[in-house]
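The values are calculated or read from the model by the stated rules, or taken from the named source; none is laboratory data. Because the structure is predicted, anything quoted here is derived from the model rather than measured. Neighbour counts are summed over all protein chains in view; Cβ atoms, including those assigned to glycine, are modelled from backbone coordinates with ideal geometry. Note: accessible area is taken over every heavy atom of the protein model, side chains too, but ligands, DNA and RNA are not part of it. Shrake-Rupley method; radii C 1.70, N 1.55, O 1.52, S 1.80 Å.
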Amino acid sequence: MIRIPLSPFPALLLATALVPAQAEEALEQALEQQLKANQAAAAAQAAIDQLGEQTRKMLDEYREALRKTEAITAYNAHLRRLVESQEEEKRSLQKQLDGIEGIRRDLVPLMLRMVEALDRFVQLDRPFLAGERARRMAELKSLMDRADVDDAEKFRRVLDAYQLENQYGKTTEAYRAEFKPGAAPARMVDFLRVGRVALLYQSLDGGETGVWDARARRWQVLPREYNKPVGLALAVARKESAPELLPIAVEAPEAAR
């Protein structure tokens, strides 16, 4: 029996054929593992990016909250200073109100004394514009008892009355009014007031002229020689004639008597 030896080449060929198949399978497994690793890395990176974005948002929110907190803190401090200032102003106003109340308590008696003094002055003064001044004083007295008028308005009216009376002493005035001396019948005459120095009257026909005697508190008829000068003085006071020096009867000062 003849033995034919087997050639080693087929076995070698078989081995050679098996190696590429195993390598390909290993490569595929490696690639698959690498792909999974890449996918896991991509997912991890996406998660990291998401966390980073959330972190940035949280940081921005924190910074915004911090900014608002600082703004609110500053605003609250401002409000606290305002409240303290308002409290101080309130205390100051209350102190002023307390002072005003004290002034009011002193002001009312003062106004009453002023009205009373002015009324006495008008009664003792030369009797020019007698009706008008008497009505003004009556209204002023009535005003003092009115509850619907505040003290400031009352005081203003009292000062106005004083200022008006003060002006009488600085002006010259001619006016026509009723004249009734004593028991004589009333008649219309022209009055001439020269400040508070002299108060004269003249009949409408210019035939009688008189002057108020403050010491005797009565009217005194003047000599006829005064008729013309007083008539001219009346025209000057009415601005019907140019101003000029005129002789009129005036009362001598106390020192000269």
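Descriptive notes on the structure:
- Among strands (runs of 3 or more DSSP E) entirely within region 189-242, having at least 3 residues that are open to solvent by less than 40 Å² (accessible area, probe 1.4 Å) singles out 198-203, 209-213.
- The one condition in (1) within 27 Å of V108 (Cβ to Cβ); (2) assigned to a loop (DSSP other than H, G, I, E, B) that F121 fails to fulfil: (2)
- The set of residues from region 116-133 being open to solvent by less than 30 Å² (accessible area, probe 1.4 Å) and aromatic (F, W, Y) comprises just one member, F128.
- Pairs with Cβ under 7 Å, 6+ apart, first in region 172-189 and over 16 Å from D205 (Cβ atoms) and among the charged types (D, E, K, R), second open to solvent by 40 Å² or more (accessible area, probe 1.4 Å) and in a loop (DSSP other than H, G, I, E, B): E178/A186; K180/A186
- Members of region 163-179 found to be within 17 Å of V197 (Cα to Cα) and either basic (K, R) or assigned to a loop (DSSP other than H, G, I, E, B) (or both), listed by number: G169, K170, T171
- Extreme residue, least open to solvent (accessible area, probe 1.4 Å), among residues of region 134-162 that are in a helix (DSSP H, G or I) and among the acidic types (D, E): D151
- The sole residue among K180, K170 that is surrounded by fewer than 16 Cβ atoms within 10 Å (Cβ to Cβ), within 21 Å of W219 (Cβ to Cβ) and of a type in the set (K, R) is K180.
- Residue in region 159-181 that is more than 47 Å from the chain's Cα centre (by Cα) and not charged (D, E, K, R) present: yes
- Close pairs from region 139-152: first among the hydrophobic types (A, V, I, L, M, F, W, C), partner in a loop (DSSP other than H, G, I, E, B), Cβ under 9 Å, at least 6 apart: L143/V149
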